[in-house]
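Remarks on the structure that follows.
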Amino acid sequence: MNNKIKAAVAGAVLASASVANAGITWDAGEWTVDMNGNVNAFAIINDSSDTEMAVGGLANTKSNDDTAASINTGLLPSWLGFTATTRQNDIDTSVTISFQPGASVTGGLGGGGAEEHRQAFLTFGDKSWGSIKVGKDLGIFGSTAILNDMTLLGVGSQGVVGTAGGTTTTLGRIGTGYIYADWNGQIAYTTPNMNGLSLTLGVMQPWNATASGAVSETTTGSTDQFGFQGQGSYSWTGDFAGKVWAGFFSQEVTGGADEDRAQAMEVGVSTSIYNINLVAYGYSGEGVGTTALLRDGFDATGKMRDSDGGYVQATYVIPTGTKLGVSYGVSKLDDNAADAGDSLVKENTMLTIGAYHPLTKHLNLVAEYSNVEAEAHDTVSDAESNIFSVGAILFF
């Protein structure tokens, strides 16, 4: 992936206000306005071979047919974002708002698809002491894992609700290697760049614990306390460039048999030498569940379940500029005594092979194959899907 596409991806996902990641800019009085985003769509064939499904599993099951076809956006939604920046009283300030329209519906009179509003935040700060973010934006825990996921330009897993289109996005590697960072209300402080070292700490909107289906939990309340997330990273440049990072998630969850603090840790590394990039990532937690934060993290008695996972990825840019990649990841969820005999998911795994060709500095053509497997604790409700996709994604 060339540097322009890398900058566009980071800008589209994080709505960066820096000039380096700018899209279309113009001056408006004391403000500089940046309009940026992308449009993408993929033709997707999802072939499934099983009729049973683990609760929380991400492979699809066959119903009337074992094949489902769709035209849909990929992991990164189509995006239109606006960022306005200015500097007053020696403080850099900005405001960002973005919109994410869906790509398809599955029936007539559907209005063209669902729409999301993922970002609405302001920032202020200075390079001498850092910056503060206030509002709704991508969460901190798991954010670097998704930004390094090669399926961010493609499709990856569709998830059980995405077999025939009509969704705003697919899942990529969410739930098969990392937990989704999601879009959180937050007040977060980020230090200035200290020779490659950067630290972020956020006070977050607390969330309810949720369940995938029949295997539900009674601990569904939120909390009388804020959630907390943080991440530290160190980056270096040169012929052997890279980044290492570590992060955490912590939130008290109430309403079940006990009051528990759901928490998780993560570590990752991304390194590049010549045209090769390697990524390794892992996480471990209790009460945080799998796929989404606090999803399936508690059993029916209100006790926490342990979970862990990670992914490895290797990409290589050939002389034509095409990036070829392969990645494998797994997300595991332990069961408790109260889950005995249930079809709760034990692990979701995905192997992805992809080709990403920059037809221009803004336009990428994408082809992917993903094999997704969901294994249940009851050893019966297992499923497997093979997903083929081709499409295009254009950044501006």
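The values are calculated or read from the model by the stated rules, or taken from the named source; none is laboratory data. Computed from a predicted model, the values in this text were never measured in an experiment. Here Cβ is always computed from backbone atoms with ideal geometry, including for glycine, and neighbour counts include all displayed protein chains.
Take VAL267 and decide whether it is at pLDDT 95 or above, β-branched (Val, Ile, Thr) and in contact with a strand residue (DSSP E or B) (Cβ under 7 Å, 6 or more places away or on another chain). Give the derivation first.
Working: at pLDDT 95 or above: yes; β-branched (Val, Ile, Thr): yes; in contact with a strand residue (DSSP E or B) (Cβ under 7 Å, 6 or more places away or on another chain): yes.
So VAL267 passes the test.
Say whether the condition of being hydrophobic (A, V, I, L, M, F, W, C), modelled with pLDDT under 95 and not in a helix (DSSP H, G or I) is met by at least one residue in the range 178-196. Break it down into steps so the answer makes sense when it comes.
Of the range 178-196, the ones hydrophobic (A, V, I, L, M, F, W, C) are 179, 181, 183, 187-188, 194.
This time we only want the ones that are modelled with pLDDT under 95, so: none.
No - not one qualifying residue is present in the range 178-196.
If a residue must be in a loop (DSSP other than H, G, I, E, B), at pLDDT 90 or above and of a type outside the set (Lys, Arg), how many such residues does the range 337-376 contain?
3
Determine which single condition ARG305 fails, assuming it passes every other condition in (1) in contact with a Lys or Arg (Cβ under 8 Å, 6 or more places away or on another chain); (2) without any contact (Cβ under 8 Å) to a residue 60 or more places away in the chain; (3) of a type in the set (D, E, K, R).
(1)
If you go through the range 53-67, how many residues are buried (at least 21 other Cβ atoms within 10 Å of the Cβ) and either assigned to a strand (DSSP E or B) or modelled with pLDDT of 85 or more (or both)?
Of the residues in the range 53-67, the ones buried (at least 21 other Cβ atoms within 10 Å of the Cβ) are 53-60.
Subset that is either assigned to a strand (DSSP E or B) or modelled with pLDDT of 85 or more (or both): 55-59.
Here the count works out to 5.
Yes/no per residue for (1) surrounded by fewer than 16 Cβ atoms within 10 Å (Cβ to Cβ); (2) in contact with a strand residue (DSSP E or B) (Cβ under 8 Å, 6 or more places away or on another chain); (3) closer than 30 Å to TRP207 by Cα:
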position	(1), (2), (3)
GLY227	no, yes, yes
GLY247	no, yes, yes
GLN263	no, yes, yes
ASN275	yes, yes, no
VAL279	no, yes, yes
THR291	no, yes, yes
ASP299	no, no, yes
